[in-house]
1. Among the listed residues 125, 61, which satisfies the condition of being surrounded by fewer than 23 Cβ atoms within 10 Å (Cβ to Cβ), in contact with a helix residue (DSSP H, G or I) (Cβ under 8 Å, 6 or more places away or on another chain), part of a loop (DSSP other than H, G, I, E, B) and touching a residue at least 24 places away in the same chain (Cβ under 8 Å)?
2. If you check 195, 211, 189, which single one turns out to be more than 18 Å from residue 33 (Cα to Cα), in contact with a His (Cβ under 7 Å, 6 or more places away or on another chain) and surrounded by 14 or more Cβ atoms within 10 Å (Cβ to Cβ)?
3. Does residue 81 fit the bill of being at pLDDT 95 or above, of a type in the set (Val, Ile, Thr) and closer than 19 Å to residue 159 by Cβ?
4. Quick one: which of 206, 227 is farther than 17 Å from residue 171 by Cβ, among the basic types (Lys, Arg), out of contact with any Ser or Thr (no Cβ under 6 Å at 6 or more places or on another chain) and surrounded by fewer than 20 Cβ atoms within 10 Å (Cβ to Cβ)?
5. Count, please, the residues in segment 70-102 that happen to be out of contact with any Cys (no Cβ under 9 Å at 6 or more places or on another chain), part of a helix (DSSP H, G or I) and of a type outside the set (D, E, K, R).
6. Looking only at residues that are touching an Asp or Glu at 6+ places or on another chain (Cβ under 8 Å) and of a type outside the set (S, T, N, Q) in segment 159-189, which one is modelled with the lowest pLDDT?
7. Hey, residue 150 hits all of (1) assigned to a helix (DSSP H, G or I); (2) surrounded by fewer than 15 Cβ atoms within 10 Å (Cβ to Cβ) but one; which does it fall short on?
Amino acid sequence: MARPTPDTKEAVPDAFDAAARGYDLLVGANPGYHDHLRLSALRMGLPNRGEGLRLLDVGCGTGASTAALLAAAPLATIVGVDGSAGMIAKARSKDWPRSVTFVRATLDELVSDPDGPADGVGRPGSYDGILAAYLVRNLPDADSGLASLLSLLRPGAPIAVHDYSVVDSRRARVVWTGVCWTVIIPSGAVVTRDAGLYRYLWDSVRKFDGARAFEDRMRRAGFTDLRTHTVPGWQSRIVHTWLGRRPAAT
């Protein structure tokens, strides 16, 4: 039976369902993948090890970004949300403290029906911080998605968007394409028996905003205190953390 290929961004959650079983193996083979997620979570500057904070990991996948958020804020309450049932099932199968819960919902479902997926999970202004790793690039409407993320934050609360962006750097584009076609796509084909999701990954990153353009997109969505950082190592200028805040109440 052919596995779903994300020909449209609406089809991405179904494609991740098919890839969930081998996903941790593939990302674990990516040097720096988990370290970079932890770096983005730490860059949020969450105080007091997260004590008393309620945090959202949206687009949590199998829980790698949730683990990064937990490392940065071990005393926080963390809600992981993902649109892929397969990825959420994989995340739930791991050992977590009681402070971590998972909900299957797309971002649109979360904000359109705040009490639907789980009581209060999508309620406006209910989070002290959001980590959105490898999410916004995959949304059907990035601007609408950023507006939704803004609405979920309490006034003054931070967000970290963690993702690939290569359009600003010729070196980054060359390295990204080379790694995808020599490592990521062939490995994905072996592990999942279908390379469609990984060809989509290559192409979606090539077409995604440049680092400055995405920061401008966040500004238009209403975020303030914007900063952009890349990561060390071979993925420098390929992986980025975009930091911002919901404006403080006046």
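The values are calculated or read from the model by the stated rules, or taken from the named source; none is laboratory data. Since the model is a prediction, treat every value here as computed from it, not as a measurement. All Cβ positions, even for glycine, are placed from backbone atoms using ideal geometry, and neighbour counts span all protein chains on display.
1. Values: 61 fails: surrounded by fewer than 23 Cβ atoms within 10 Å (Cβ to Cβ).
Going through 125, 61 in turn, just one is surrounded by fewer than 23 Cβ atoms within 10 Å (Cβ to Cβ), in contact with a helix residue (DSSP H, G or I) (Cβ under 8 Å, 6 or more places away or on another chain), part of a loop (DSSP other than H, G, I, E, B) and touching a residue at least 24 places away in the same chain (Cβ under 8 Å): 125.
2. On the way: 195 fails: in contact with a His (Cβ under 7 Å, 6 or more places away or on another chain); 189 fails: in contact with a His (Cβ under 7 Å, 6 or more places away or on another chain).
Answer to the check: 211.
3. Details: at pLDDT 95 or above: yes; of a type in the set (Val, Ile, Thr): yes; closer than 19 Å to residue 159 by Cβ: yes.
When the stated conditions are applied, residue 81 passes them.
4. On the way: 206 fails: farther than 17 Å from residue 171 by Cβ.
It is 227.
5. Residues that pass the stated criteria total 6.
6. Within segment 159-189, the first condition is being touching an Asp or Glu at 6+ places or on another chain (Cβ under 8 Å), and the residues that meet it are 165, 167, 188.
Subsequent filtering for residues that are of a type outside the set (S, T, N, Q) retains 167, 188.
Working: 167: 97, 188: 91.
So, considering only residues that are touching an Asp or Glu at 6+ places or on another chain (Cβ under 8 Å) and of a type outside the set (S, T, N, Q), the one modelled with the lowest pLDDT is 188.
7. Failing condition for residue 150: (2).
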